[in-house]
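Chemist: Questions regarding the structure given below will be posed in turn.
The values are calculated or read from the model by the stated rules, or taken from the named source; none is laboratory data. The model shown is predicted, which means the values in this text are computed figures rather than measured ones. Here the Cβ is made from the backbone with ideal geometry for all residues, glycine too, and neighbour counts use every protein chain on show.
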Amino acid sequence: MKVCQLCAVDFTLRTFLLPLIDGMRGCGWDVTSVCSDGPHIAELRAAGYQIETVPIARSMNPVLAAQTLPALVRLFRRRRFDVLHAHTPVAALLGRVAARIAGIPLVVYTAHGFYFHDEMPHLKRLVFVMLERFGGRYTDLLFSQSAEDAEDAVQEGIALRENVLAIGNGVDVARFDPVKVGAGDTAREALGIPRDAFVVGMIGRQVKEKGVADYLAAVRIIAAAYPQAWFLLIGERLASDHASGVEAELAAARAALGERLVTPGLRSDVPELLAAMDLFCLPSWREGMPRTIIEAMMMGKPVLATDIRGAREEVVPEQTGLLVPSRSPERLAAAMQRFLDDPAWGRRLGQAGRERALMLYDEHKIVALQLERIALAARQRGLL
């Protein structure tokens, strides 16, 4: 069975989709990935992954869309795929329309987090719901990572209930093992963080919708009262990112905090960096089912997150972490103070979080669920 895995950029392919692609290849399926050209393409091809590049914007630019759609149609007709599995909003919308034109028999869409949310202005939200409804007309299976997204898909008329499945999210249990990774002293030393510091860390794209500005504002509120607190911010703004950046907020925070704010950029040694943290923080405005929270839980770290879709399915307040309202640096800072005042309490929450993650967020189980459902749909269409 010939499968196309479609997303907008190579970062998404490299960071999120390889376990699923490996699972499909393990089933004997012929998998080709399609995305925009980028810095990771060469290494992925060298590792044996089949990749075709098509320019795909991350924002709905009509001019670029008018170029991308016919390019995808030509590619799909040439490669004669049996299955399209689409990811990321713009690539998924254009890809599903192209799949219908090209006659791909089975179309699957994974919503890693619908762009519309409850805090969005009504008219803007309606526009994005209508776009999802339009894309839903060309979708045979809709996977969502969060259960709330799955229910929204049905209630908003995006898909029929029998065609929707909440798959959850997961990480590699063997990689995010605190026993194997260790206590994080090596990472602290490399980053210049004292061993006895209390480290509040965040991992994410450096854009406002990830809550980075809120994080920086919160740590500035508590920094003077807690000289033992250091702050670790992992990530960068992608060249393809159309979301608002946080350059001014970063500059102000660096001036205020000095060496206590550590910003090493995009890193691949995430388990080691999490091991160096005492508290993981994700004050995002919008998520699907955030993987960084799961990674932190697997590493036995307490989690401080915003009370938004996805995050509130992962974090159990007062048991594995805390939830606060989004866009509220003051509430975020107050919650950070609780962990700083009682580190032992935080460690207990972190251990409970690891137990929850082991039970619910094993990547192998998430991949197996998707393979099983796609295979069933493929057999019903005579593709397997």
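Chemist: Which one of ALA352, ALA368, ALA375 is small (Gly, Ala, Ser) and in the same structural domain as GLY321 (by TED's automatic domain parsing)? Give the steps one after another, and end with the answer.
Modeler: Working: ALA368 fails: in the same structural domain as GLY321 (by TED's automatic domain parsing); ALA375 fails: in the same structural domain as GLY321 (by TED's automatic domain parsing).
The unique qualifying residue is ALA352.
Chemist: Only one of VAL54, VAL31 is closer than 16 Å to VAL90 by Cα and hydrophobic (A, V, I, L, M, F, W, C). Can you tell me which?
Modeler: On the way: VAL31 fails: closer than 16 Å to VAL90 by Cα.
Selected residue: VAL54, the only one of VAL54, VAL31 that is closer than 16 Å to VAL90 by Cα and hydrophobic (A, V, I, L, M, F, W, C).
Chemist: Residue by residue through region 344-384, note down the ones that are within 20 Å of the chain's Cα centre (by Cα), among the acidic types (Asp, Glu) and either assigned to a helix (DSSP H, G or I) or closer than 15 Å to CYS27 by Cα (or both).
Modeler: GLU363
Chemist: Yes or no: ALA92 closer than 24 Å to ALA375 by Cα, among the hydrophobic types (A, V, I, L, M, F, W, C), touching a Leu at 6+ places or on another chain (Cβ under 6 Å) and surrounded by 22 or more Cβ atoms within 10 Å (Cβ to Cβ)? Lay out the reasoning, then the answer.
Modeler: Values: closer than 24 Å to ALA375 by Cα: yes; among the hydrophobic types (A, V, I, L, M, F, W, C): yes; touching a Leu at 6+ places or on another chain (Cβ under 6 Å): no; surrounded by 22 or more Cβ atoms within 10 Å (Cβ to Cβ): yes.
For ALA92, the condition - closer than 24 Å to ALA375 by Cα, among the hydrophobic types (A, V, I, L, M, F, W, C), touching a Leu at 6+ places or on another chain (Cβ under 6 Å) and surrounded by 22 or more Cβ atoms within 10 Å (Cβ to Cβ) - is not met.
Chemist: How about region 283-295: which of its residues are hydrophobic (A, V, I, L, M, F, W, C), in contact (Cβ under 8 Å) with a residue 40 or more places away in the chain and within 18 Å of ASP269 (Cα to Cα)? Please lay out each step first, then the result.
Modeler: First pass over region 283-295, keeping only residues hydrophobic (A, V, I, L, M, F, W, C): 285, 289, 293-294.
This time we only want the ones that are in contact (Cβ under 8 Å) with a residue 40 or more places away in the chain, so: 285, 289, 294.
The answer is ILE294, and nothing else.
Chemist: Give just the number: which of (1) buried (at least 21 other Cβ atoms within 10 Å of the Cβ); (2) at pLDDT below 95; (3) not acidic (Asp, Glu) does TYR115 not satisfy?
Modeler: Checking TYR115 against (1) buried (at least 21 other Cβ atoms within 10 Å of the Cβ); (2) at pLDDT below 95; (3) not acidic (Asp, Glu), the one that fails is (1).
Chemist: Sticking with this structure for a sec: Which of the residues spanning region 217-234 are free of Cβ contacts under 8 Å to residues at least 60 places away in the same chain and surrounded by 24 or more Cβ atoms within 10 Å (Cβ to Cβ)?
Modeler: Matches in region 217-234: TRP230, PHE231, LEU232, LEU233.
Chemist: Being in the same structural domain as HIS40 (by TED's automatic domain parsing), crowded, with 21+ Cβ neighbours inside 10 Å and either out of contact with any Cys (no Cβ under 7 Å at 6 or more places or on another chain) or of a type in the set (Lys, Arg) (or both) is the requirement here; does LEU64 meet it? Talk me through it step by step, then tell me what you get.
Modeler: On the way: in the same structural domain as HIS40 (by TED's automatic domain parsing): yes; crowded, with 21+ Cβ neighbours inside 10 Å: no; either out of contact with any Cys (no Cβ under 7 Å at 6 or more places or on another chain) or of a type in the set (Lys, Arg) (or both): yes.
It is false that LEU64 is in the same structural domain as HIS40 (by TED's automatic domain parsing), crowded, with 21+ Cβ neighbours inside 10 Å and either out of contact with any Cys (no Cβ under 7 Å at 6 or more places or on another chain) or of a type in the set (Lys, Arg) (or both).
Chemist: Go over the candidates ALA65, ALA92, ALA86 one by one and state the one that is without any contact (Cβ under 8 Å) to a residue 40 or more places away in the chain and of a type in the set (A, V, I, L, M, F, W, C).
Modeler: Numbers: ALA92 fails: without any contact (Cβ under 8 Å) to a residue 40 or more places away in the chain; ALA86 fails: without any contact (Cβ under 8 Å) to a residue 40 or more places away in the chain.
Only one candidate qualifies: ALA65.
Chemist: Then there's this: Quick one: which strands (runs of 3 or more DSSP E) lie wholly within region 1-111 and hold at least 1 residues that are among the polar types (S, T, N, Q)? Quick ask: steps written out before the conclusion?
Modeler: Values: elements: 2-6, 30-35, 50-53, 83-86, 106-111.
Where strands (runs of 3 or more DSSP E) fall fully within region 1-111 and carry at least 1 residues being among the polar types (S, T, N, Q), they are 2-6, 30-35, 50-53, 106-111.
Chemist: Filter region 260-282 down to the residues that are of a type in the set (Val, Ile, Thr) and more than 16 Å from the chain's Cα centre (by Cα) and list them by number.
Modeler: Correct list: VAL262, THR263.
Chemist: Further question: Only one residue in GLY28, GLY23, GLY48 is surrounded by fewer than 20 Cβ atoms within 10 Å (Cβ to Cβ), under 20 Å from the mean Cα position of the chain (by Cα) and of a type in the set (Gly, Ala, Ser). Which one? Give the derivation first.
Modeler: Working: GLY28 fails: under 20 Å from the mean Cα position of the chain (by Cα); GLY48 fails: under 20 Å from the mean Cα position of the chain (by Cα).
Exactly one residue qualifies, and that residue is GLY23.
Chemist: Starting from region 325-342, keep only residues that are hydrophobic (A, V, I, L, M, F, W, C), then list their pairs with residues that are surrounded by fewer than 18 Cβ atoms within 10 Å (Cβ to Cβ) and part of a loop (DSSP other than H, G, I, E, B) whose Cβ atoms are within a distance under 9 Å, requiring at least 6 positions of separation or different chains.
Modeler: These pairs meet every condition: LEU332/PRO325; MET336/TYR226; LEU340/ALA225; LEU340/TYR226; LEU340/GLN228.
Chemist: State all residues of region 148-198 that are over 16 Å from TYR109 (Cβ atoms), hydrophobic (A, V, I, L, M, F, W, C) and modelled with pLDDT of 95 or more; if no residue qualifies, say none.
Modeler: Hits for region 148-198 are VAL171, VAL173, ALA174, PHE176, VAL179, VAL181, ALA187, ALA190, LEU191, ILE193, ALA197, PHE198.
Chemist: Just need a number here: residues in region 143-165 that are more than 22 Å from the chain's Cα centre (by Cα) and not in a helix (DSSP H, G or I). Don't jump to the end; show me each part of the working.
Modeler: Residues of region 143-165 that are more than 22 Å from the chain's Cα centre (by Cα), as a first pass: 154-157, 159-163.
If we keep only those that are not in a helix (DSSP H, G or I) as well, we get 156-157, 159-160.
Looking only at that region, the number is 4.
Chemist: Which condition breaks for GLU189 when tested against (1) loosely packed, with under 15 Cβ neighbours inside 10 Å; (2) part of a loop (DSSP other than H, G, I, E, B)?
Modeler: Checking GLU189 against (1) loosely packed, with under 15 Cβ neighbours inside 10 Å; (2) part of a loop (DSSP other than H, G, I, E, B), the one that fails is (2).
Chemist: While we're here: Residues that are at pLDDT 95 or above, touching a strand residue (DSSP E or B) at 6+ places or on another chain (Cβ under 7 Å) and under 27 Å from LEU141 (Cα atoms): does region 350-364 have at least one? Give the steps one after another, and end with the answer.
Modeler: Step one: of region 350-364, the residues at pLDDT 95 or above are 350-364.
Going one step further and asking which of them are touching a strand residue (DSSP E or B) at 6+ places or on another chain (Cβ under 7 Å), we end up with 353, 361, 363.
Applying the additional criterion that residues be under 27 Å from LEU141 (Cα atoms) yields 361, 363.
Looking through region 350-364, at least one residue is at pLDDT 95 or above, touching a strand residue (DSSP E or B) at 6+ places or on another chain (Cβ under 7 Å) and under 27 Å from LEU141 (Cα atoms).
Chemist: Do we have PHE114 as closer than 28 Å to LYS301 by Cα and not assigned by TED's automatic domain parsing to the domain that holds PHE11 here?
Modeler: Working: closer than 28 Å to LYS301 by Cα: yes; not assigned by TED's automatic domain parsing to the domain that holds PHE11: no.
When the stated conditions are applied, PHE114 does not pass them.
Chemist: Any residue in region 254-269 that is of a type in the set (A, V, I, L, M, F, W, C) and free of Cβ contacts under 8 Å to residues at least 12 places away in the same chain? Can you show your working first?
Modeler: Looking only at region 254-269, we keep the residues that are of a type in the set (A, V, I, L, M, F, W, C), and these are 255-257, 261-262, 266.
Checking which are free of Cβ contacts under 8 Å to residues at least 12 places away in the same chain leaves us with 255.
So far as region 254-269 goes, yes, one or more of its residues are of a type in the set (A, V, I, L, M, F, W, C) and free of Cβ contacts under 8 Å to residues at least 12 places away in the same chain.
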